[in-house]
Amino acid sequence: MDFFGSFALLLAFVCAAYAVVGGIFAIRTRNALLTKSVRNAGMAVCGLIVIAVASLEYLFFTDNFSVAYVVQHSNRLQSNFFKFSALWSGQEGSLLFWSLILSFYVFSVLWTYRGKHPELMPYVGVILAAVQMFWLILNNFIASPFKMIGEVGPGGVLHWITQPDGHGMTPLLQYPEMIIHPPMLYSGYTGFTIPFAFGLAALIGRYPGEKWIHLTRRWTMIAWCFQSIGVLLGAHWAYAVLGWGGYWSWDPVENASLMPWLIGTAFLHSVMMQEKRGMMKVWNVWLVFITFMLCIFGTMITRTGLISSVHAFAQSEIGPWFYGFLALIFIVCMAAFLKNRDYLKSDNHLDSLISRESSFLFNNLILLVACVAVLSGTMFPVLSEWITGQKISVGAPFFNHINIPIGLMLLFLTGVGPLLAWRRTSGESLRRNFGWPMLGGLIAGAIAYPLGCTDMFSLTCVILSAFVVLTIFAEFYRGAKVVRARSGGNIFASAIQLTMRNTRRYGGYVVHLGIVLVFVGIAGQAFNRDKQMDMPAGSSMKIGAYTLVCQAFDSIPKGDYTAERVTIEADKNNRQVMMLYPEKRAYETSQETGTMVAIYSTLREDLYVVYAGRNPETGEPVIHAYLNPLVKWIWLGGVVVVLGTILALIPSRPPTIVLQAIEQPSPITAEGQRAAPASISGATH
Amino acid sequence: MNTKTKFAVGSGIIIITLVTLGWVGARESKTYYHLISELPTLKQSDLHQRMRVSGNVAPGTIKYLPGRVEFTLVEQEKTLNVAYTGQDPLPDTFKDDAQALVEGKLGADGKFTAEQIQAKCASKYEVAPTPIKN
């Protein structure tokens, strides 16, 4: 099976190489048959990688301990669940998994646009195949997951050997999210390859108009959505597994996943300027180039151990390949840009400081600054060593000082931006759109302050969150009223009808709503509390409104590990609300230990209980309890973001009635105009 | 003032504010990496820095004492005595021979007081027979 898999991988590499070289010839000669053959080769790569992955999975499920990767990441006792996800639990497998997901994207793109856009697709195909080639070089020649274990015997003869059992997966990874977090994050990282390829292809091929942006909008949103899920799941994993009571520590690997998200978000917003007003063309191609480079950079940080991190995967020899690849991407992008920069001339200029355009510009600026801050903080040890010769790192205060104000500014723009008119906005419309929400925000602040929300940033966050939520609801309400006036029915049905007519706009609002929920959850962090004490059976601890009573302390052997478990009863107002079982697990095969946190989560707060080991003097269990307000809102916000993105991906219903609304000389006219999707608003310029 | 200038001024104010905030944050949390062998050669003025030192935990040196955990780090045959006084529980990976990164300050007596510890398992896979490509 290992020969089978590695042969399929080699063949995939050959196909990708053919798709690059043949593709360039096809573009030059415009030979239809060659174009088609190259496209088929590009699609075949996907099938071959699927075969390679399937054979690696087969090796895991058949406990084939003659293959190094299987030995390192699995063992006989490991559950099927983790045998399956062992594929992406180490370096070689993760790189193969990257190739797999990328090949799914590439296949979908080539299939969707087969026979369409003959001036653009050949370029896209070559760029995608070139990116695939890079990963396949790593998979085949640098970090193959199919390496066998060999030993040089007497007389210099090489013997294959089979280990009796494997080491098993690292306990930190043995958590249900293991099956979902890496695939989501990788789908995000790889997904940005698609808009990158289209952007670069349009630039190289001088493809007229903003067509590439229309074509890639959905792909970008899919990648962005996966990246959002990946970042949040990463935070949730850190929260539920690492046992330090927090979800974000500005660790290099976390930062690596956040950076493409920040620039990808900027790109998603700023392409609207190009679609509607023909502005920001240079900016947009660079945003998509940078997003892609950050995806590669993020994978590099995670995979090469450039910066020490709690994740700290193998320090390995793949580093130079990544540096080379990043340099190559940059050179190609720069060359294409310099050669064809006249193609990116702007059609319009900024008219007013209070306009949709300028809110997008500020949004872009702030996201970019956030990314630069995160990047420089992450790279600080490397940069300071280059410049001063001394390795200096910066910690959470650096990131928080910059990113908290940035977050609040973004939150403000989230509320304001979508309601400003293109070109310029009148004072009258500002008052009409923002008067009530602003008042509502201040009222929310006035209620929150006496309730204990005295931290300046958290209070600002509460005020802005209420403001943004109210602007969003006001938008739905105003639009729904127009629909109801024409079609009758109740306001909720009208709101749904309204949403389905312009899914992109209203889906966007739902995403914004989700982001607000995430912000509310983060604001709760200012009020975290924690307490640590020895808890022999029968003793109790008070934290906030909860009383924790230690009921028992036992040791249970379970499959691959032995768990030391504390049974804790959580009471609130003298009523039992939950039994909690924080554990410490000792894994037999790997000789490692893992902490299992117990969390009682409510909308108001999380009771987070860690068994921190025994007190070495008394032998009694030590319990560390945290009370973290509002954390659940972060995860709920993530769900809302995903639902909003899915909504925005659904094609809109024909907007006939909205069209009529534009011609109505009522005060709602302005809203109707903005509600119109791209095809209609083109006429309103 | 035309719109472009206004936008530039607005951006300038935002960027300057954020850079200042970043500078303040960096000063607060700046931590220097040092090798154990470098510590005795540091200037008097540098001894007050927050620093990070890495090394392997010398086997058998971990002592659990009231309010602190003491152990010895070894790197290239140089040793450093460390007392961990932080609030967070020790990481699961912290044990004999583990690679540890401690963050804190060096005392006048040459003993390091750590507030944070990160630990990585010593890579036991390295001793496995060398994988060879088929």
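The values are calculated or read from the model by the stated rules, or taken from the named source; none is laboratory data. Computed from a predicted structure; not experimentally measured. Heads up, the Cβs are rebuilt from the backbone with ideal geometry, glycines too, and the neighbour counts pull from every protein chain shown.
When residues of the stretch B:91-105 are filtered for being without any contact (Cβ under 8 Å) to a residue 40 or more places away in the chain and buried (at least 18 other Cβ atoms within 10 Å of the Cβ), how many remain?
The initial filter retains those residues of the stretch B:91-105 that are without any contact (Cβ under 8 Å) to a residue 40 or more places away in the chain, namely B:91-96.
Still in the running and buried (at least 18 other Cβ atoms within 10 Å of the Cβ): B:91-95.
Residues flagged as without any contact (Cβ under 8 Å) to a residue 40 or more places away in the chain and buried (at least 18 other Cβ atoms within 10 Å of the Cβ) within the stretch B:91-105 amount to 5.
I'd like to check something: does the stretch A:423-435 contain any residue that is more than 22 Å from A:Tyr477 (Cβ to Cβ) and loosely packed, with under 13 Cβ neighbours inside 10 Å?
The answer is yes, given that some residue of the stretch A:423-435 is more than 22 Å from A:Tyr477 (Cβ to Cβ) and loosely packed, with under 13 Cβ neighbours inside 10 Å.
Of everything in the stretch A:373-396, what is surrounded by fewer than 18 Cβ atoms within 10 Å (Cβ to Cβ), at the interface with chain B (Cβ under 9 Å from one of its Cβ atoms) and in a helix (DSSP H, G or I)? Give them in sequence order.
Across the stretch A:373-396, the qualifying residues are A:Ser376, A:Glu385, A:Ala396.
Would a scan of the stretch A:70-93 turn up a residue that is surrounded by fewer than 22 Cβ atoms within 10 Å (Cβ to Cβ), over 29 Å from the mean Cα position of the chain (by Cα), at pLDDT below 95 and more than 21 Å from A:Pro183 (Cβ to Cβ)?
Among the residues of the stretch A:70-93, at least one is surrounded by fewer than 22 Cβ atoms within 10 Å (Cβ to Cβ), over 29 Å from the mean Cα position of the chain (by Cα), at pLDDT below 95 and more than 21 Å from A:Pro183 (Cβ to Cβ), which makes the answer yes.
In contact with a helix residue (DSSP H, G or I) (Cβ under 7 Å, 6 or more places away or on another chain) and within 14 Å of chain B (Cβ to nearest Cβ): which single residue out of A:Val597, A:Val641, A:Val609 fits that description?
Every option except A:Val597 fails the conditions.
Suppose we keep only residues that are closer than 19 Å to A:Met535 by Cα and out of contact with any strand residue (DSSP E or B) (no Cβ under 6 Å at 6 or more places or on another chain) within the stretch A:619-647. Which one would you say is surrounded by the fewest Cβ atoms within 10 Å (Cβ to Cβ)?
A:Gly619
Might you check whether a residue that is more than 9 Å from chain B (Cβ to nearest Cβ), more than 22 Å from A:Met280 (Cβ to Cβ) and within 25 Å of the chain's Cα centre (by Cα) occurs anywhere in the stretch A:360-369?
No, the conditions are met nowhere in the stretch A:360-369.
So A:Val416 clears everything in (1) over 28 Å from A:Ile354 (Cα atoms); (2) in contact with a Phe, Trp or Tyr (Cβ under 9 Å, 6 or more places away or on another chain) except one condition, right? Which one?
A:Val416 satisfies all of (1) over 28 Å from A:Ile354 (Cα atoms); (2) in contact with a Phe, Trp or Tyr (Cβ under 9 Å, 6 or more places away or on another chain) except (1).
Could you say whether any residue in the stretch A:212-225 is more than 30 Å from A:His117 (Cα to Cα) and surrounded by 20 or more Cβ atoms within 10 Å (Cβ to Cβ)? Break it down into steps so the answer makes sense when it comes.
First pass over the stretch A:212-225, keeping only residues more than 30 Å from A:His117 (Cα to Cα): none.
No - not one qualifying residue is present in the stretch A:212-225.
Taking the stated definitions as given, is A:Gly521 on the phi > 0 side of the Ramachandran plot and either of a type in the set (Gly, Ala, Ser) or in a strand (DSSP E or B) (or both)?
no
Filter the stretch A:480-518 for residues that are in a helix (DSSP H, G or I) and over 18 Å from A:Thr645 (Cα atoms) and give the result.
A:Ala480, A:Lys481, A:Val482, A:Val483, A:Arg484, A:Ala485, A:Arg486, A:Ser487, A:Ile491, A:Phe492, A:Ala493, A:Ser494
Tell me which residues, restricted to the stretch A:327-357, are in a loop (DSSP other than H, G, I, E, B) and farther than 17 Å from A:Gly209 by Cβ.
A:His349, A:Leu350, A:Asp351, A:Ser352, A:Leu353, A:Ile354, A:Ser355
Within the stretch A:449-480, take every residue that is surrounded by fewer than 19 Cβ atoms within 10 Å (Cβ to Cβ) and small (Gly, Ala, Ser) and give me the one that is nearest to A:Arg432 (Cα to Cα).
Of everything passing the filter in the stretch A:449-480, A:Ala474 is nearest to A:Arg432 (Cα to Cα).
In the stretch A:194-216, how many are in a loop (DSSP other than H, G, I, E, B) and in contact (Cβ under 8 Å) with a residue 60 or more places away in the chain?
Looking only at that region, the number is 4.
Could you tell me how many of the residues in the stretch A:336-355 are over 20 Å from B:Ser11 (Cα atoms) and either away from chain B (no Cβ under 14 Å) or without any contact (Cβ under 8 Å) to a residue 12 or more places away in the chain (or both)?
Total satisfying the criteria: 11.
Restricting the first residue to the stretch A:435-452 and requiring it to be in contact (Cβ under 8 Å) with a residue 60 or more places away in the chain, which pairs with a second residue that is in a helix (DSSP H, G or I) meet a Cβ separation below 8 Å and a spacing of at least six or different chains?
As it stands, the answer is A:Gly452/A:Phe527, since those pairs meet every condition given.
Are any residues in the stretch A:450-479 of a type in the set (Val, Ile, Thr) and part of a helix (DSSP H, G or I), and if so, which ones?
Listed by number, the residues that qualify are A:Thr460, A:Val462, A:Ile463, A:Val468, A:Val469, A:Thr471, A:Ile472.
Rundown of residues vs (1) touching a Phe, Trp or Tyr at 6+ places or on another chain (Cβ under 9 Å); (2) crowded, with 16+ Cβ neighbours inside 10 Å; (3) within 14 Å of chain B (Cβ to nearest Cβ); (4) at pLDDT 90 or above, yes/no style:
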site: A:Met1; (1), (2), (3), (4): yes, no, yes, no
site: A:Phe7; (1), (2), (3), (4): no, no, yes, yes
site: A:Phe13; (1), (2), (3), (4): yes, yes, no, yes
site: A:Ala17; (1), (2), (3), (4): no, yes, no, yes
site: A:Val21; (1), (2), (3), (4): no, no, no, yes
site: A:Arg30; (1), (2), (3), (4): no, no, no, no
site: A:Met43; (1), (2), (3), (4): yes, yes, no, yes
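Among what's in the stretch B:61-77 and is at pLDDT 85 or above and closer than 15 Å to B:Glu38 by Cα, pick the residue that is surrounded by the fewest Cβ atoms within 10 Å (Cβ to Cβ).
Going through the qualifying residues, I end up with B:Val74.
Condition (residue is of a type in the set (Gly, Ala, Ser) and modelled with pLDDT of 80 or more) applied to the stretch A:421-434: is it met by at least one residue?
No, there is no match, as no residue in the stretch A:421-434 is of a type in the set (Gly, Ala, Ser) and modelled with pLDDT of 80 or more.
Might you check whether a residue that is surrounded by 20 or more Cβ atoms within 10 Å (Cβ to Cβ), touching a helix residue (DSSP H, G or I) at 6+ places or on another chain (Cβ under 6 Å) and within 14 Å of chain B (Cβ to nearest Cβ) occurs anywhere in the stretch A:576-591?
Checking the stretch A:576-591: at least one residue is surrounded by 20 or more Cβ atoms within 10 Å (Cβ to Cβ), touching a helix residue (DSSP H, G or I) at 6+ places or on another chain (Cβ under 6 Å) and within 14 Å of chain B (Cβ to nearest Cβ).
Quick check on the stretch B:75-96. Is at least one of its residues aromatic (Phe, Trp, Tyr), farther than 26 Å from A:Glu620 by Cα and within 18 Å of the chain's Cα centre (by Cα)?
For the stretch B:75-96, residues aromatic (Phe, Trp, Tyr), farther than 26 Å from A:Glu620 by Cα and within 18 Å of the chain's Cα centre (by Cα): absent.
Taking the stretch A:23-36 only, how many residues are under 16 Å from A:Ile127 (Cα atoms) and among the polar types (S, T, N, Q)?
Number satisfying all stated conditions: 1.
Could we say that B:Leu42 is within 16 Å of the chain's Cα centre (by Cα) and either surrounded by 14 or more Cβ atoms within 10 Å (Cβ to Cβ) or at pLDDT below 80 (or both) here?
Criteria not met by B:Leu42.
Go through the stretch B:18-38 and give me each residue that's in a helix (DSSP H, G or I), free of Cβ contacts under 8 Å to residues at least 40 places away in the same chain and more than 7 Å from chain A (Cβ to nearest Cβ).
B:Val19, B:Thr20, B:Trp23, B:Arg27, B:Glu38
Determine whether B:Ser45 is part of a helix (DSSP H, G or I), more than 22 Å from B:Leu90 (Cβ to Cβ) and more than 13 Å from every other protein chain (Cβ to nearest Cβ). Full working, then the answer.
On the way: part of a helix (DSSP H, G or I): yes; more than 22 Å from B:Leu90 (Cβ to Cβ): yes; more than 13 Å from every other protein chain (Cβ to nearest Cβ): yes.
So B:Ser45 fits the description; yes.
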